[in-house]
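Okay, structure first, notes after.
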């Protein structure tokens, strides 16, 4: 059985890129740029001011007074985990020759 997932925090990292924190504590990044281009419903979000003006509605992020939103499960499954959330990745980075000073 899948557990319920929702967004507890969101912040803009770059143009059309949000850092998302989920209720299970995971921290992930989602780049909306191609998503906006491929989905007509999201075309208004090409306006960066509008995109940056999202709201957390207790479940997910939404725009335009809740008329545009995206399923938190989709964001969870299709976003990129931040490195600080994966101790194995962090250890690998520390051991990599390019990471040593």
Margin query: Anything in the stretch 11-42 that is touching a helix residue (DSSP H, G or I) at 6+ places or on another chain (Cβ under 9 Å), closer than 20 Å to residue 77 by Cβ and in a strand (DSSP E or B)? List them, or say none.
Written below: 17, 18, 20, 22, 27, 28, 30
Notebook entry, point to check: Quick check, is residue 36 more than 13 Å from the chain's Cα centre (by Cα) and surrounded by 14 or more Cβ atoms within 10 Å (Cβ to Cβ)?
Noted result: yes
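Bear in mind these aren't lab numbers, they're just calculated from the coordinates by the rules spelled out. Bear in mind the structure is a predicted one, so any value in this text is a computation, not a measurement. Neighbour counts run over all protein chains shown; Cβ positions are idealised from the backbone, glycine included.
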